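Some notes on the structure that comes next.
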Amino acid sequence: MKPTDDKLRKIMGLKFKYLRKRKDLNQDEVAFLMGLTRVSICNIEAGKQSLIPSNILKASIVFECSILDFFPSREEYCPVIESATVFEERQLKNKIEKLEAKLTLLKSNK
């Protein structure tokens, strides 16, 4: 899966919402404390608005957490789609299919 800015906004929004609820704050309270509107908080949590660096810092102060808590791990952002075994199986299947196609071609030329 190719990571995107949209995906990053959504993950960060979910983390923001989780941290807000963990502090038992509503959107209006967070908006007031951060100097934003409730609509902005709603949009951030929905992944429709990006968290700019200054707002990440403000939120980390309000939520008493690290700025890193807003960012996804590598696994969350760009998950491994296939294990090495599945990848190797696919490669082997492709090689077998190519060999079978060559064999069919050789048989038809006789």
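Throughout, read-outs are computed from the coordinates displayed, never taken from laboratory work. Quantities reported herein were computed from a predicted structural model and do not represent experimental measurements. Quick reminder, even Gly has a Cβ in these numbers, built from the backbone with ideal geometry, and neighbours come from all protein chains shown.
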Review point. Which residue fluctuates the most in the chain, going by a Gaussian network model with Cα springs under 10 Å, if the choices are Leu33, Leu51, Leu19?
Key: Leu33
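How much length is gained if the chain between Asp69 and Lys107 is pulled fully straight, taking 0.36 nm per residue apart and subtracting their Cα-Cα distance, in nm to one decimal?
Values: separation 38, 0.36 × 38 = 13.68 nm, distance 6.23 nm.
Net length gain for the segment: 7.5 nm.
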Check your understanding: How far, in degrees from 0 to 90, does helix 53-62 lean away from the longest principal axis of the Cα atoms of the chain, to the nearest 10?
Key -> 60
Exercise for review: May I ask you to sort Met34, Met12 by Cβ crowding, counting other Cβ atoms within 10 Å and putting the fewest first?
Suggested key: Met34, Met12
Review point. Roughly what would the spin-label model give for Lys48 and Lys21, points 7 Å off Cα along C-beta, in nm?
Key: 1.9
Practice item. Measure nothing but the geometry: give the 0 to 90° angle between the long axis through the Cα atoms of 5-22 and the longest principal axis through the Cα atoms of the chain, rounded to 10°. Key: 40
**Study point:** Over the chain: helical MRE at 222 nm, DSSP H runs n ≥ 4 each giving -39500 (n - 2.57), nearest 500
**Key:** -20500 deg cm²/dmol
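Subtracting the Cα-Cα distance from 0.36 nm times the residue separation, let me have the gained length for Lys95 to Ile61 in nm, one decimal.
Additional length available on full extension: 6.6 nm.
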Point to revise | Neighbour-count order for Asp5, Asp69, fewest beta carbons within 10 angstrom listed first | key: Asp5, Asp69
Revision key, fill the gap. Mean-square fluctuation maximum in Gaussian network of the chain, Cα pairs under 10 Å, restricted to Asn55, Asn43, Asn94, hits Asn94
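Below 8 Å, C-alpha to C-alpha, sequence gap of six or more: please give me the relative contact order for the chain in percent.
Numbers: 79 pairs, mean separation 35.2, N = 110.
That works out to 32 percent.
Order these by the 10 Å Cβ neighbour count, fewest first: Val30, Val62, Val39.
Val39, Val62, Val30
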